[in-house]
1. Got at least one residue in region 78-89 being within 18 Å of the chain's Cα centre (by Cα), modelled with pLDDT of 95 or more, farther than 23 Å from Asp9 by Cα and surrounded by 14 or more Cβ atoms within 10 Å (Cβ to Cβ)?
2. Mind checking whether some residue in region 69-79 is out of contact with any Asp or Glu (no Cβ under 8 Å at 6 or more places or on another chain), among the aliphatic types (A, V, I, L, M) and part of a loop (DSSP other than H, G, I, E, B)?
3. Can you say whether Val100 is over 22 Å from Ser11 (Cα atoms) and either touching a residue at least 40 places away in the same chain (Cβ under 8 Å) or open to solvent by less than 70 Å² (accessible area, probe 1.4 Å) (or both), as far as the supplied structure shows?
4. So is Tyr59 of a type in the set (Ser, Thr, Tyr), open to solvent by 40 Å² or more (accessible area, probe 1.4 Å) and under 16 Å from the mean Cα position of the chain (by Cα) or not?
Amino acid sequence: MNIFRLTGDLSHLAAIVILLLKIWKTRSCAGISGKSQLLFALVFTTRYLDLFTAFISLYNTSMKLIYIACSYATVYLIYMKFKATYDGNHDTFRVEFLVVPVGGLSFLVNHDFSPLEILWTFSIYLESVAILPQLFMISKTGEAETITTHYLFFLGLYRALYFFNWIWRFYFEGFFDLIAVVAGVVQTILYCDFFYLYITKVLKGKKLSLPA
C-alpha cells in the first residue's frame, strides 16, 4: 500500500458514491449510461472472484465487496427502480464490440492460462474501455450534467493515480504488471479530452459539452 494506491482507491469510491447519490437524490438516471454501468458490474464480478479463494487483508476484502455491491446497486437503480428516467434512446453504444474482442484478447494474452487468471485479465482489459458508452452518450446528447462530469473526473483521477502507483511499485518494490499498465494507459488516454474540458469549463461554472 502506498499513497497513490490509497488515494486512487478513495477517488474510485468517491466516483461510485457520487453517481449513486446523484441517482438517488434526483430520483433520475438521466444522462447516465446504463451500458457503462453494466460493464463495470461485469468488471468487478470477474475481477474479484478471488474473494472465494484468497484473503489478503480486511481492507482489500472490504473494498472489493463495496465495489461489487455499489455496481449492482447502480445497475438496479438504472434498469429497475428509476427505469422510466433512463435515456435508452441515446445509450446506443454496441457493447458487444467491446466485450467480444476483450474476451478474445484475454484468452490470447494473459499471465497464466487458468480460469481465474483469464477472468482477471478480462476485467482489466474491459475496465479500460468500459467508460466508452458513457462518453459516447455524452457526445451524442451534446452535454452532461455537472454531477455526471464530477463522477467522470473522479473515475479518471483514480486511473491516473494508479498510474503513479505502478511507477512507485516498480521503483520501490520491483513490481511491474505489463497487462495492467498497458490497459491503464489506454483508459487514461480515453479521459484526456474529458479532463481538458472539465478543467476549462466545469470548474469555471460552464456546462460541459462534448463534440458529437
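The values are calculated or read from the model by the stated rules, or taken from the named source; none is laboratory data. Everything numeric in this text was worked out from a predicted model, so none of it was measured. Please note: Cβ atoms are built from the backbone with ideal geometry, for glycine as well, and neighbour counts cover all protein chains shown. To get the accessible areas, we keep the full protein, side chains included, count just its heavy atoms, and leave off ligands, DNA and RNA. Shrake-Rupley method; radii C 1.70, N 1.55, O 1.52, S 1.80 Å.
1. The answer is yes; a qualifying residue exists.
2. Step one: of region 69-79, the residues out of contact with any Asp or Glu (no Cβ under 8 Å at 6 or more places or on another chain) are 69-79.
Still in the running and among the aliphatic types (A, V, I, L, M): 69, 73, 75, 77-78.
In the following step, the residues that additionally are part of a loop (DSSP other than H, G, I, E, B) were identified as none.
No - not one qualifying residue is present in region 69-79.
3. Values: over 22 Å from Ser11 (Cα atoms): yes; either touching a residue at least 40 places away in the same chain (Cβ under 8 Å) or open to solvent by less than 70 Å² (accessible area, probe 1.4 Å) (or both): no.
Spelling it out, it is not the case that Val100 is over 22 Å from Ser11 (Cα atoms) and either touching a residue at least 40 places away in the same chain (Cβ under 8 Å) or open to solvent by less than 70 Å² (accessible area, probe 1.4 Å) (or both).
4. On the way: of a type in the set (Ser, Thr, Tyr): yes; open to solvent by 40 Å² or more (accessible area, probe 1.4 Å): yes; under 16 Å from the mean Cα position of the chain (by Cα): no.
Answer is no for this residue.
Conditions (1) at pLDDT below 90; (2) within 25 Å of Leu10 (Cβ to Cβ); (3) out of contact with any Phe, Trp or Tyr (no Cβ under 8 Å at 6 or more places or on another chain); (4) buried (at least 19 other Cβ atoms within 10 Å of the Cβ), marked per residue:
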site	(1), (2), (3), (4)
Val109	no, no, yes, no
Leu116	no, no, yes, no
Leu126	no, yes, yes, yes
Thr141	yes, no, yes, no
Leu155	yes, yes, no, yes
